[in-house]
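Participant: A single structure is presented below for examination.
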Amino acid sequence: FCYFWRVKRAIIVGLNYPGTEYELSGCVKDAQALEARMKAAKVHTEIYTESITPGELFDILADAAASQKKGDIFYFTFSGHGTQWFSNKSKEQDLQEEGVCLWDRPNGIMVIRDDDLRKALQRIPGTVIVIFDSCFSGGMDRVIYAPITNPRKFVPFNEKWKIYEPAIDRSTPSPFSHRSYYLLACDESQVSYDTTGGGLFTVALCRAYDKGAN
């Protein structure tokens, strides 16, 4: 499945937003759980659990786009909050834009549009595997009942938050050979949940992986 000459690199992000009203408890554990399994599989890992800004992330993805080869494998994982907001410029039928919430202590939450993140990932040649345990794709206003220990990985959009504008030409497709696979905790009509032991999706994913690893 994975030939020995392939370079395998993973960028792993898990953010708990400590000290804020949006604080979660299991996202760092999600990142650590995925990192441990990827290291065991001989994947070079970079983990971000304290903070990461949109500029830092897009620089990392641009570096991967420039350095990765056709036969390489790139993993990107995110565990944290998703958000959604109305935009009359949205191309989506419901006029809602979705994004993920990155975190930097001095600046707080900064939002990346999911479309911009997808474009950056599409520029990486080879195989790209994306794992998201968040309310990534929208539908976050749906009423779902869950135990109080399982807060939703969704925060209402705050007009004061900065929406990052990456230097990406959205009209130009990637010139590289690219295969991508997305493993998402939810679709546009669902939300995901956090627990003290990790996100429900990541916990289930790791359990299934461990059973099938041999």
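Participant: Report the local net charge at Thr45: Lys and Arg +1, Asp and Glu -1, summed over other residues whose C-beta lies under 11 Å from its C-beta.
Facilitator: +3
Participant: Here's something else I'd like to know. Where a Cα-Cα gap under 13 Å defines reach, which aspartates and glutamates qualify for Lys8, not counting those fewer than 8 residues away within the same chain?
Facilitator: Candidates past the 8-residue exclusion: Glu35, Glu46, Asp72.
Participant: Find how much the distance from His44 to Lys70 grows on full extension, using 0.36 nm per residue of separation minus their present alpha carbon separation; answer in nm with one decimal. Could you put the intermediate results ahead of the total?
Facilitator: Details: separation 26, 0.36 × 26 = 9.36 nm, distance 1.72 nm.
Working it through step by step, the gained length comes to 7.6 nm.
Participant: Amide H to amide H, which residues 5 or more places from Met110 or on other chains are under 5 Å from it, using H placed in the peptide plane?
Facilitator: Under 5 Å from the amide H of Met110: Leu102, Trp103, Asp104.
Participant: Per residue, how big is the convex hull around the C-alpha atoms of the stretch 1-84? Give it to me in cubic angstrom, could you?
Facilitator: 113 Å³
Since every read-out is calculated from the coordinates, none of them should be taken as a lab result. Given the structure is predicted, the values throughout are model-derived calculations rather than measurements. Neighbour counts run over all protein chains shown; Cβ positions are idealised from the backbone, glycine included.
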